[in-house]
Amino acid sequence: MLDRPVRKLIDPLLEFPAAFLAARKVPANAITVLGFLLGMISCVAISQRSFGIALFFILANRLADGLDGMVARRIKASDVGGFLDIVLDIIFYAGVPFAFGISDPTLLLPATFLIYSFIGTTGSFLAYAAISAKRGITTAQDGKKSFFYSVGLMEGTETIIFFVLFCLFPDNFATLAWTFGILCWLTTMIRILIGTIEFRRTP
C-alpha cells in the first residue's frame, strides 16, 4: 500500500550511490546477494536477542534491496537478477519471525502464524504475477520490473515497518506478529478477490 509513495521519496536519494556503483561496473546481482547476507546476519542477531544490531542489518538489507534494481537498470537488467531478488527477499522475510521464535520458545506460535501468513501474501503475489505474464499484462508505473507487481494492503514497506517495530519493541513481538499476520491475510483475500474478477475476463 505504501510502496509507491515511499519509492517516490527514496529513489531520488539512491540515484547518486546507484550511479556511482554502476559506473564502477559493480554487478547488481552481487548487491542482491550482499543484501541477503546482511539480512541473514540480522536474523542471527535476533536469535541472540541483539535487537539493536539486528535493526542495523535489516536497514542495510533494505538499502541493498533498493540499490540493486537501480544499478541493474543502469547496467543491464536480467532475469537472473529478478529471480534472485524475489527468492532471497522471501527467505529473508520468513527468517525474521523464525529468528524471534528461536530467541524465545514462547514466541513460536505467533512467529509460526506470521510465517504461515507470508505464504498467503507471497503465493497470491507470485500467482498473480504468473497469470499476468501469461496474459501479457505489464506495468511500468513504478519503473521496469522483472514481472508484474500486484498491489496489496501489506507490501514491502509495511513489512519493514513491522520488522523495525519488532526490533524496537521485542517484548511486544507477539502482539505485533498477530496483528501483522491478520493484515497479511486481508491482503491475500483482497488479491484473491481481485485476481478472480480480473482473470475471469477473456485475455
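Would you mind stating whether Arg49 is more than 24 Å from Asp11 (Cβ to Cβ) and among the basic types (Lys, Arg)? Yes: the conditions hold for Arg49.
Reported count of residues in region 1-32, each being hydrophobic (A, V, I, L, M, F, W, C), under 18 Å from Asp85 (Cα atoms), crowded, with 16+ Cβ neighbours inside 10 Å and within 18 Å of the chain's Cα centre (by Cα), is 3. Within region 176-203, the set of residues being of a type in the set (Ser, Thr, Tyr) and without any contact (Cβ under 8 Å) to a residue 40 or more places away in the chain comprises Thr179, Thr196, Thr202.
If I ask for residues that are among the basic types (Lys, Arg) and surrounded by fewer than 17 Cβ atoms within 10 Å (Cβ to Cβ), which ones from region 36-62 would you list?
Just the residues of region 36-62 that are among the basic types (Lys, Arg), to begin with: 49, 62.
The one that is among the basic types (Lys, Arg) and surrounded by fewer than 17 Cβ atoms within 10 Å (Cβ to Cβ): Arg49.
Every number here is computed from the coordinates shown, using simple stated rules; none is lab data. Values in this document were obtained by computation on a predicted structure and should not be read as measured data. Every residue, glycine among them, receives a Cβ derived from its backbone with ideal geometry; neighbour counts consider all protein chains shown.
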